[in-house]
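Read through the structure below, which is laid out as structure tokens, and then see the notes.
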Amino acid sequence: MRVLQFPLTKITLGFVLGILLAFYLKPLPNMVFCCLGASIFVLFVSNFFYKKQFAQPITFGISVSFVAVFIGMTTQIIHDETYNKTTYYNQISDFEKKHTLEVVLRERLKSTFKNERFIANVTNLDHKKCSGKILLNIKNNKTFLPIGTRLQLTEKVVKHKKPNNPDQFDYGNYLKKQSVSAQVYTETAALKISASMDKTIWYYSDILRNRIVSNLRNHHFGEKELPVISALILGQQQEISKDILQDYQYAGAVHILSVSGLHVGFILLFITFLLRPLPKNKFGNLIRLMAVLFGLWGFAIIAGLSPSVIRSATMFSFVAIGMNLKRSTNIFHTLLVSLFIILLFKPSFLFDIGFQLSYLSLFFILWLQPLLANIWVPKNKIITYFWDILTVSVAAQIGAFPLSFYYFHQFPGLFFITNLIILPFLIVIMALGVFVMVLAACNWVPEIPLKLLEWLVNSLNSIIKWVASFEEFVIKDIPFNSVMLFGCYLAIVSIIIWFKKPNFNKLTVALSMVLLFQGICFASRWNNQQEQEWIVFNSTKKTIIAERKGENVTLFCSKNTSKEIANNSMLKSYLVAHFSKISEQKELSNLAYFKTNKILIIDSLGVFPKQIQPDILLLTQSPKINLERLLQNYKPRTIVADGSNYKSYVARWKATCEKEKIPFHATGEKGFYRLN
């Protein structure tokens, strides 16, 4: 694999490894800085002896790798807010009391049913200067708040909660990886809005996007088409409905709704095409380069400077510089340089799902697509065009599907048909869309191109909806853990290496990696088959209990909720993670047994067997009982209250248990309860 022989590859891999080590191990900063200094000193010494031919090249290479690792660790520590004493999170000693915050809105997120959400920069905590990002939730917000708005509020700062149920997406952990340390909940009436704005590049970008969208809406651009074109060109997905988003996911086309290399690459080609008449001399090349760079980063600013668009704009900027300097550039070098520079300034991008998918897809397109394209060389230009689209799509999907399995547990089987159909559409939509957006930014929206763009987007949505309607081709609920992810990529890479230049040794390695992956899959399922557990899920107004023995799950719930619970997304996440299925559904009773534990379940009726000594007492549906007397009579080891109880009841029970010194577990506060 020739790309691994590049010195920059080893440096970048070491740098990435350093970021990961610092993120997960949380080493002492002083120790890392000392190690960095020592590794640089060793590098200079090894370089001196290498030049004098007293040392082997491998010694110098190892020294460089260690320096790269410690630079990566140092970079992560510098950007990690947990090490920064000036961040608001590290200055709060009591999270139970309210604090006065001054914040600046930086990014608008997709709203929920109850709240409008923003990522905001905290500038003051209790009238003291500080820094850090926070997730701001504004209930029933009826006031439009542009990016750059300065706000003051007095509320509790809330730590990120862990998922309330097993194997759910950990949104709090995701926010931490994006350097968002906590969140705050407030209402519009509690906000003090400053008259002055924080006029940064994000402020002007937001104003420009709002002007474009407002002009399109005022000229009656379709309500269903506007969110899609806003995502395609402006990188704004907040207004896309769940139904449209699901159609794009099922059709394998959700990537076109996120501004990435596909869109930025088109901007590069489009500007280069428009500037072809310029003379190919030093002055003409300079104008061409400046125009391309201005166009790429202008588009990135309009698109909100998301991780994917920054990565793409950085990479294609290097490509543009190479093209206009008339020097041959290795595309893998360009990819590695862009990766290194982006992570040097923003190491948290490494943990962004879109960033990971983009880089892997692009790497496999560059590495694998030429091999696939040479399998068959059509003589007809039109067939060649569609064959190239197909091979690019297949290469990208081969690189991305393990990550898709790991994060989303599904795979669109008709992705190749979708890409064959929509890419020609997308080229026209992008060209016309950029043209219309530029005119809309100048407050001029011609009727003919506007209606043509609306028709094209409507046709695109219809095609996507038609492909997504074949749901039987969407493979769902695929169990896939992190060890399987690693084994899958080892198998894929080894097979491609063998396929490029077949020989016996490479075939042996490839087959060994395939067997290793199969072994990992078998071991994962076997481990799950040996497990037994009894779980009380946290579900509002419902009682859901599951008993799992290996791959078989027995579900306990009331009669009126059994049908809707079977399709519960919370339960599906648990089943997929444990290679399991619901083998039986039973009505909830007052007594349950698990291993050596006797569990008494008291519901709203408050009726239960009297002459028993339970180990665990489960309270559901807000029973009206005298808990203090019950505890004195039965002396259970643990009290559990699920999410079906009134909060006032749970608070009273908690106080009683504290008085009686008996452990109390409320699923609404601590999440699910598990016995294993």
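So how far, in whole Å, is the C-alpha centre of the stretch 228-273 from the one of the stretch 141-196? First find each Cα centre; the distance between them is then 27 Å.
Applying Stokes-Einstein at 20 °C and 1.002 mPa s to the Kirkwood radius of the stretch 393-528, computed over alpha-carbon pairs, gives a translational diffusion coefficient of 116 µm² s⁻¹. Pairs exceeding a 24 Å alpha-carbon distance, out of LYS542/LYS635; LYS10/LYS506; LYS10/LYS133: LYS542/LYS635; LYS10/LYS133. Please say if the stretch 566-675 is rounded, prolate or oblate, where rounded means a/c under 1.5 for a ≥ b ≥ c the square roots of the C-alpha gyration tensor eigenvalues, and otherwise the choice is prolate for a/b larger than b/c and oblate otherwise? Prolate shape, in that a/c is at least 1.5 and a/b is the bigger ratio. The alpha carbon centroids of the stretch 528-559 and the stretch 610-668 are separated by 20 Å.
Using the scaling law 2.2 N^0.38 Å as the reference, what is the normalised Cα Rg of the stretch 631-676? Rg over 2.2 N^0.38 Å, computed on Cα atoms: 1.12. Electrostatic tally near VAL438: other residues with Cβ closer than 15 Å to its Cβ, Lys and Arg +1, Asp and Glu -1, net +2. Straight-distance candidates among the lysines for linking to LYS549, with alpha-carbon spacing under 27 Å and chain neighbours fewer than 8 residues away dropped: LYS162, LYS476, LYS541, LYS559, LYS563, LYS572, LYS581, LYS586, LYS595, LYS598, LYS670. Along the chain, the longest continuous region that contains none of the GluC sites (Glu not before Pro) in a DSSP loop with at most 10 other C-beta atoms within 10 Å is 224-676. Taking chymotrypsin sites (Phe, Trp or Tyr not before Pro) as exposed when their DSSP state is a loop state and no more than 12 other Cβ atoms lie within 10 Å, the longest site-free interval of the chain runs over 170-375.
Of all aspartates and glutamates in the structure, the ones whose alpha carbon falls short of 17 Å from that of LYS177, not counting any fewer than 8 places away in one chain, are ASP80, GLU81, GLU107, ASP352.
Seen from every direction in turn and averaged, the convex hull around the alpha carbons of the stretch 361-444 projects onto 7.7 nm². Counting protein heavy atoms only, the chain has 62 percent of its accessible area on carbon and sulfur, 1.4 angstrom probe. Exceedance of the 21 Å cut-off in Cα-Cα distance is limited, within the set LYS139/LYS224; LYS139/LYS161; LYS85/LYS128; LYS98/LYS159; LYS176/LYS346; LYS242/LYS647, to LYS139/LYS224; LYS242/LYS647.
Across the alpha-carbon atoms of the stretch 470-527, the computed radius of gyration and Dmax are 14.0, 43 angstrom. Listed by chain and number, the aspartates and glutamates whose C-alpha is less than 19 Å from the C-alpha of LYS500, apart from same-chain residues fewer than 8 away, are ASP388. P(r) tail for the chain, what percent of Cα pairs lie past 37 Å? In whole percent, the long-distance tail amounts to 50.
The dipole here belongs to the stretch 493-632: it is taken about the Cα centre, uses +1 on the Cβ of Lys and Arg and -1 on the Cβ of Asp and Glu, and is about 380 debye. Label positions at THR82 and LYS110, each projected 7 Å from the Cα along the C-beta direction, are separated by 2.8 nm. Here's the picture: charge each Lys and Arg Cβ at +1 and each Asp and Glu Cβ at -1 in the chain, and of GLY668, LEU232, ILE62 the one pushed furthest to the positive end of that dipole is ILE62. Sorted into 5 angstrom bins from 0, the C-alpha pair distances of the stretch 453-575 split as 2, 8, 12, 11, 11, 11, 12, 11, 10, 7, 4, 1, 0 percent. Remark on the stretch 152-272: ratio of C-alpha radius of gyration to 2.2 N^0.38 Å is 1.37.
For the stretch 312-406, what class follows from the C-alpha gyration tensor (a ≥ b ≥ c being the square roots of its eigenvalues): rounded when a/c is under 1.5, otherwise prolate if a/b is larger than b/c, else oblate? Taking the square roots of the gyration eigenvalues as a ≥ b ≥ c, the stretch 312-406 is oblate. Take the chain with all the other protein chains still there, run a 1.4 Å probe, and you get 52 Å² of accessible area per residue. Taking a ≥ b ≥ c as the square roots of the Cα gyration tensor eigenvalues, with a/c under 1.5 meaning rounded and otherwise prolate when a/b beats b/c, else oblate, which class fits the stretch 90-193? Since a/c reaches 1.5 but b/c is at least a/b, the shape of the stretch 90-193 is classed as oblate. Our compactness index for the stretch 518-560, the C-alpha radius of gyration over the empirical 2.2 N^0.38 Å, is 1.50.
Remark: the stretch 198-327 is approximated by an ellipsoid whose semi-axes, taken from the C-alpha gyration tensor as √(5λ), come to 30, 17, 14 Å, largest first.
Using the rule -39500 (n - 2.57) for each DSSP H run of four or more residues, divided by the residues of the chain, the 222 nm mean residue ellipticity is -18000 deg cm²/dmol. The stretch 457-525 and the stretch 76-102 have Cα centres separated by 42 Å.
The values are calculated or read from the model by the stated rules, or taken from the named source; none is laboratory data. Predicted model, so just to flag it, every value in this text is computed and none were measured. Methodologically, a virtual Cβ is constructed for each residue, glycine included, from the backbone with ideal geometry; neighbour enumeration extends over all protein chains shown. Calculation scope for accessible area: heavy atoms of the full protein, side chains included, ligands and nucleic acids excluded. Shrake-Rupley method; radii C 1.70, N 1.55, O 1.52, S 1.80 Å.
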